[in-house]
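Novice: Take this structure, written in structure tokens, and hold onto it; I'll ask about it next.
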Amino acid sequence: MSNTKYVFVTGGVASSLGKGIISASLAKLLQSRGYSVTIQKLDPYINVDPGTLNPYEHGECYVTEDGAETDLDLGHYERFINIHTSQMNNVTTGRIYQTVISKERHGDYLGKTVQVIPHITDEIKRRIKLIGTKNQLDVVITEIGGTVGDIESLPYIEAVRQLRWELGPSNSAFVHLTLVPFLSASQELKTKPTQHSVKVLLENGIQPDVVVLRTEHDINADIRRKVSLFCNVDPDAVVQSIDVKTIYEVPLMMQQEKLDSIVLRKLGLPINEDPKLEAWRNFVTSLKNPKHHVRIGLVGKYVELPDAYKSIMEAFVHAGAANSCKVNLELIQSEGLTHDTYAERLSGLQGILVAPGFGHRGLEGKLLAVRYARENNVPFLSICLGMQCAVIEFARNVMGLTEANSAEMVDTTPHPVIDLMASQKEVADLGGTMRLGAYPCKLSKSSHAFEAYGSADIQERHRHRYEFNSAYKEQFEQAGMVATGINPDTKLVEIVEIPKHPWFVGVQFHPEYKSTVLNPHPLFVSFVKAALEQVSE
Ligand code: GLN
């Protein structure tokens, strides 16, 4: 019998209050007190996973080591607690129903009417418990997506209500995050929406143990007492989460508010160790006191929704702090770059990153960004589709293959320098069928990549269908673009570099997914360092 304890995090009043950050901060604090912990996200939509969602819908699709396409909150979890999450950490309604329906077809419920209660709720509970028992964790924090009162989240709320009784009262804790709006006309903070939101939870049979109030202004003792009175929680279990400059301050702020102690007490776990937050504090200090500044352009087609590039943006935060520098990231719409404008738009940047993506829109702008960086010796990093753009641009403008392209864009191109992977040729379904997750890569010793990683054997995460066409490898290398990272098993080209350029690296994998506060990604760190050298020149 496992002794895993469970914390459930719900949200009320409004979406986007930062349940993911509160969950990750609590996990960080419990971890810093010596507890083993993970975080799980339950998403109430019908998609089996977010892999087929347009980034405009739901932000970035985050990829785990085991190749799960998941919600971007899992990125926060990994960045905060520095552990690998997996398929088990993200559950959607689509996946729950898929499992239940295939069990039904298999005859597992033979004779029974299959219903939301108990069959769907049982499957939800099974997945919550499994992650704790399988990994023998002290604490699992389960974040329930959406806002209480939403029709879609009801089965999740019901499942965790049942679970509380099954687990026994001291084995679970409920944290409810709400918003306390400030009315500027009357200069008042308002708790009524919080009261209503807790009422909705109570109607569903759940009494929260902790209420976290997201606010723009300090919550005074009177307001805490009022929330305590109306929501049946201890006054010291009313926690304020005031807006801060960076999400990385939230764990420190939650520690001041004693969120970790309140939860541990509720779970009957000892609060004996002092939290070890030294490295985290140092990171926040260098983040808030940069000695230098660099301007880096991120060229992509989803820039109107910065969440589409969440992990890249956070990787720059980590790499900036590691270089005592603030990275001023400019999001540049690739569709807006034209032959007449690109040089002017990109001038003054100390680094250029061409982003991952899919499809033809904005491609020509990305190629212009590559060209600018290549011809003007601007430090350059490109990821996945970005790397493929670097290859196409080099083929067209250096090797003279003017019609070179990716088969993704023009499948009849005479020079498919980027081609569909052989393993993808028979694939018909779009969901979960890309080359996904971690694969090994061997680096050549004389490369920027090797210099950055300090090791020849690396492992990075992937999400793609197309690849560098190795039939052209020799031609590229003769012209000055070399493959410096190769998959040792399949020989797939993972990294290209231009040795004559000060720092030009294109990677087929996604380094951004593995950057964390405590382990900033070496490629981002080196790229920012190269950009910084431009400033001092
Ligand atoms: N569309 C490209 C491919 O499938 C790149 C994918 C990406 O950037 N994630 O290979």
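Novice: What is the percent carbon and sulfur in the accessible area of the chain, measuring with a 1.4 Å probe over the protein chains and ignoring ligands?
Specialist: Details: 11210 of 22290 Å².
Answer for the chain is 50 percent, counting heavy atoms of protein chains only.
Novice: Over what distance in Å are the Cα centres of the stretch 51-122 and the stretch 223-254 separated?
Specialist: Value for the Cα centre distance between the two parts: 30 Å.
Novice: Just tell me which aspartates and glutamates come within less than 18 Å, Cα to Cα, of Lys190; anything on the same chain fewer than 8 places away is out.
Specialist: The qualifying aspartates and glutamates are Glu216, Asp218, Asp222, Asp243.
Novice: Take the residue pairs Lys192/Lys258; Lys19/Lys41; Lys491/Lys514; Lys19/Lys310; Lys288/Lys529 and return only those whose Cα atoms are more than 20 Å apart. If you can, show how the numbers build up before the last one.
Specialist: On the way: Lys192/Lys258 24 Å; Lys19/Lys41 10 Å; Lys491/Lys514 23 Å; Lys19/Lys310 16 Å; Lys288/Lys529 18 Å.
Checking Cα-Cα distances, Lys192/Lys258; Lys491/Lys514 exceed 20 Å.
Novice: For Ala428 and Thr133, calculate 0.36 nm times their separation in residues minus their Cα-Cα distance, and state this gained length in nm to one decimal.
Specialist: Numbers: separation 295, 0.36 × 295 = 106.20 nm, distance 3.60 nm.
The span from Ala428 to Thr133 would gain 102.6 nm if fully extended.
Novice: Along Cα→Cβ, 7 Å out, is where each label goes; now give me the distance between the ones at Asp122 and His84 in nm to one decimal.
Specialist: 3.3
Novice: Can I ask one more? The stretch 384-449 to the stretch 1-41: how many Å between their Cα centroids?
Specialist: 39
Novice: Extension gain Met253-Val535, at 0.36 nm per residue separation less the Cα-Cα distance, in nm?
Specialist: Details: separation 282, 0.36 × 282 = 101.52 nm, distance 3.44 nm.
Taking Met253 through Val535 to full extension adds about 98.1 nm, to one decimal.
Novice: Turning to a different aspect of this structure: Consider all pairwise Cα distances in the stretch 1-124 and report the whole-number % of them above 18 Å. It would help to have the intermediate numbers written out before the result.
Specialist: Numbers: 4569 of 7626 pairs.
Tail of P(r) above 18 Å: 60 percent of Cα pairs.
Novice: Please give the Cα centre distance for the stretch 316-370 versus the stretch 174-200, rounded to the nearest Å.
Specialist: What the calculation gives is 40 Å, centre to centre.
Novice: While we're looking at this one, here's another question. With r defined as the distance between the Cβ atoms of Lys112 and Thr490 and R0 fixed at 56 Å, what FRET efficiency is calculated, to the nearest 0.05? Don't jump to the answer; show the numbers that get you there.
Specialist: Values: r = 46 Å, r/R0 = 0.83.
The pair Lys112/Thr490 has a calculated efficiency of 0.75.
Novice: Let's test the formula: R0 of 41 Å, r as the Cβ-Cβ distance of Glu403 and Ser16. What FRET efficiency results, to the nearest 0.05?
Specialist: Numbers: r = 45 Å, r/R0 = 1.10.
Efficiency computed from Cβ-Cβ geometry: 0.35.
Novice: So for the chain, averaging the separation of alpha carbon pairs under 8 Å that are six or more residues apart and normalising by length, what relative contact order in percent results?
Specialist: Working: 1096 pairs, mean separation 82.1, N = 537.
Rounded, it is 15 percent for the chain.
Novice: Report the GluC sites (Glu not before Pro) located in the stretch 411-480 that are in a DSSP loop and have at most 14 other Cβ atoms inside 10 Å of their Cβ, or state none. Before the final figure, lay out the partial values.
Specialist: Values: sites: Glu426, Glu451, Glu460, Glu467, Glu474, Glu477; in loops: Glu426.
Those that pass, being in a loop and sparsely packed, are Glu426.
Novice: Also, quick follow-up: Of all the Cα-Cα pairs you can form in the chain, what percent are over 33 Å apart? If you can, show how the numbers build up before the last one.
Specialist: Numbers: 64792 of 143916 pairs.
The share of Cα pairs beyond 33 Å in the chain comes to 45 percent.
Novice: With both partners inside the chain, how many of the DSSP beta bridges are antiparallel, as a percent to the nearest 5?
Specialist: Numbers: 24 of 77 bridges.
Within the chain, antiparallel bridges account for around 30 percent of the total.
Novice: Measuring from the lowest to the highest alpha carbon on each principal axis, how far does the stretch 416-537 reach, largest first, in angstroms?
Specialist: Extents along the principal axes: 51, 38, 24 Å.
Novice: Another one. Could you work out the helix-only [θ] at 222 nm for the chain, with each DSSP H run of four or more residues adding -39,500 (n - 2.57) and the total divided by the number of residues, to the nearest 500 deg cm²/dmol?
Specialist: Values: 18 runs with 191 residues, N = 537.
When only DSSP H runs of four or more count, the value is -10500 deg cm²/dmol.
Novice: Between Asp307 and Lys190, what FRET efficiency comes out of the Förster formula 1/(1 + (r/R0)^6) with R0 = 22 Å and r the beta carbon distance, rounded to 0.05?
Specialist: Working: r = 28 Å, r/R0 = 1.27.
For Lys190 and Asp307, the calculated efficiency is 0.20.
Novice: Still on this model: For the peptides 94-107, 235-248, 146-159, what is the packing order when you average, over each peptide's residues, the other Cβ atoms within 10 Å and list the highest mean first?
Specialist: Values: 94-107: 14.6, 235-248: 17.2, 146-159: 19.8.
Answer by packing, highest mean first, reads 146-159, 235-248, 94-107.
The values are calculated or read from the model by the stated rules, or taken from the named source; none is laboratory data. Note that the structure is predicted; figures quoted are calculated from it, not measured. Note that we place each Cβ from the backbone using ideal geometry, even for glycine, and neighbour counts take in every protein chain shown. Note: areas computed on protein heavy atoms with side chains; ligands, DNA, RNA excluded. Shrake-Rupley method; radii C 1.70, N 1.55, O 1.52, S 1.80 Å.
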